[in-house]
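> Pasting a structure here, questions to come.
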Amino acid sequence: MEDHGLFTISDFAKLSRTTRDTLLYYDKIGLLSPAARGENNYRYYSSGQFTIVNVIRTLQELGMTLDEIKNLKDQRTPERADELFLRQIERIDATINEWVRARKLLFTLQKSIHSALGVNEKEIAVQLLPAEAIILGGLNDYSHGRDDMDALLSFYIDTNEKYPDLNLNYPVWATFSEERVKSGNLVWPDRYYYYNPEGHDQRPAALYAVGYQRGFYGQSGDLYRRMFDYIDKNDFEICGNAYEEYPLNEVSVSDDTNYLMRVMITVRKRKG
């Protein structure tokens, strides 16, 4: 039969990446019957039926049951098939977008972990860091008894409204203005931000004093004091914002008292 462009059920199953039992079941329910039968009732399939198997498999992967697929097959018209395929293409596109966004999130989380592995947590150093894409919130409002959690909630609400098409499930960090850093008023941040490859803002490329400390969120006072001392003793001066983040957090550390904080303070060499 192969000489006439037909394939045995075993060969057809192998070439279509399915199984003999699956083809027998398709035949039993009337979904896909052999193109021909030979001696001893052997089943044979045509090359055109490879496409049908692929369509069945694709529709199943998209959530359609075999009964639904059979119903389409029994009542198929070009218009019905076109409408169905359009709906499934839209579902595929939506799934692709979700996976792309998920990949970007995982890449950003992985990059954060890599940035902290092997660092000397006791050392404070001045480093020239490249710009990073971020989404930066507006100035936090602490009036009328509002606190940092109220401000954080507002950040989430505002960014979701401003960027409805972006994945916003990224870790949120804090930034303090130059004035706040110099005054030592570092209790509640001026703004919140998070790294996002699609962000329209930037943590600017600049010279930063960089320091690390272990602990839970907000336990940063001692680190800032050590950094201010280092900056002064090494003839630097603060000239911009401070960025406070936790590259090792609940995503990768089980002990919440052992998160790794990183503070980056914008500096320059002191003149004269």
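> Before I look further, what does the range 130-272 give for accessible area per residue, probe 1.4 Å, in whole square angstrom?
Result: 51 Å² of accessible area for each residue.
> Here is a further query. Longer than 25 Å from Cα to Cα, which of Lys182/Lys233; Lys14/Lys70; Lys233/Lys271; Lys111/Lys269; Lys104/Lys182 are they? Say none if no pair is. List each step's numbers first, then the result.
On the way: Lys182/Lys233 16 Å; Lys14/Lys70 23 Å; Lys233/Lys271 14 Å; Lys111/Lys269 29 Å; Lys104/Lys182 35 Å.
As for pairs spanning more than 25 Å Cα to Cα, those are Lys111/Lys269; Lys104/Lys182.
> Just to confirm, what accessible area per residue do you get for the range 1-95 at 1.4 Å probe, in whole Å²?
With all protein chains present, the range 1-95 gives 66 Å² per residue.
> Given labels modelled 7 Å from the Cα in the Cβ direction, how far is it in nm from Ala36 to Glu179?
For Ala36 paired with Glu179, the spin-label model returns 8.8 nm.
> Also: For helix 148-162, what angle does its Cα long axis make with the longest principal axis of the chain, in degrees from 0 to 90 and rounded to 10?
It is inclined by approximately 40 degrees.
> A further question follows. Express in nm, to one decimal, how much length is gained between Leu86 and Leu15 on full extension, taking 0.36 nm for each residue of separation and deducting their alpha carbon distance.
22.8 nm
> Continuing with this model, one more query. On a 0 to 90° scale, report how tilted helix 49-61 is relative to the longest principal axis of the chain, with both axes built from alpha carbons and the result rounded to the nearest 10.
40 degrees
> Another one. Say R0 is 22 Å: what FRET efficiency, to the nearest 0.05, do Ala205 and Arg270 get from their beta-carbon distance?
0.60
> In Å and from the alpha-carbon atoms only, list the Rg and Dmax of the chain.
Answer for the chain, Rg first and Dmax second: 30.2, 100 Å.
> Next question. Tell me which chymotrypsin sites (Phe, Trp or Tyr not before Pro) from the range 185-239 have a DSSP coil assignment and no more than 15 other beta carbons within 10 Å of their own. Mind showing how you got there, number by number?
Numbers: sites: Tyr192, Tyr193, Tyr194, Tyr195, Tyr208, Tyr212, Phe216, Tyr217, Tyr224, Phe228, Tyr230, Phe236; in loops: Phe216, Tyr217.
Here the sparse-neighbourhood loop sites are Phe216, Tyr217.
> Taking amide hydrogens as modeled 1.01 Å from N in the peptide plane, which residues meet the under 5 Å criterion relative to Val267, leaving out close sequence neighbours?
Under 5 Å from the amide H of Val267: Leu207, Tyr208, Ala209, Cys239.
> Could you work out the longest stretch of the chain that avoids the trypsin sites (Lys or Arg not before Pro) located in DSSP loops with at most 14 other Cβ atoms within 10 Å?
The longest such stretch corresponds to 147-269.
> Taking Cα pairs under 8 Å and at least six residues apart, what relative contact order does the range 1-118 come out at, in percent?
The normalised contact order for the range 1-118 reaches 19 percent.
> Additional query: Leaving out ligands, DNA and RNA, and with a 1.4 Å probe, what % of the accessible surface on the range 1-121 is carbon or sulfur?
Its accessible area is 53 percent carbon and sulfur atoms.
> Okay, next question. Assuming R0 = 35 Å, what is the FRET efficiency of Asp141 and Asp256, from their Cβ-Cβ distance, to the nearest 0.05?
Efficiency for this residue pair is about 0.80.
> Sticking with this structure for a sec: For the range 225-272, compute the orientation-averaged projected area of the C-alpha convex hull (one quarter of its surface), in nm².
4.0 nm²
> With a 1.4 Å probe and all protein chains kept in place, how much accessible area does Trp188 have, in Å² rounded to the nearest 10?
90 Å²
> Could I ask something else about it? Counting pairwise Cα distances across the range 1-124, what percent come out greater than 20 angstrom?
60 percent
> Work out the FRET efficiency for Ala102 and Ile157 from their Cβ-Cβ distance, taking R0 = 22 Å, and round it to the nearest 0.05.
Values: r = 23 Å, r/R0 = 1.04.
Taking R0 as 22 Å, the efficiency between Ala102 and Ile157 is 0.45.
> Which value at 222 nm does the chain reach when only helices count, each DSSP H run of 4 or more adding -39,500 (n - 2.57), with the total divided by all residues and rounded to the nearest 500 deg cm²/dmol?
-13000 deg cm²/dmol
> Multiply the residue gap between Ala131 and Ile29 by 0.36 nm, knock off their C-alpha separation, and tell me the result in nm, one decimal place.
Details: separation 102, 0.36 × 102 = 36.72 nm, distance 6.05 nm.
Taking Ala131 through Ile29 to full extension adds about 30.7 nm, to one decimal.
The values are calculated or read from the model by the stated rules, or taken from the named source; none is laboratory data. What you see is a predicted model; the values in this text were computed from it and never measured. Quick reminder, even Gly has a Cβ in these numbers, built from the backbone with ideal geometry, and neighbours come from all protein chains shown. Accessible surface areas use protein heavy atoms only, side chains included; no ligands, DNA or RNA. Shrake-Rupley method; radii C 1.70, N 1.55, O 1.52, S 1.80 Å.
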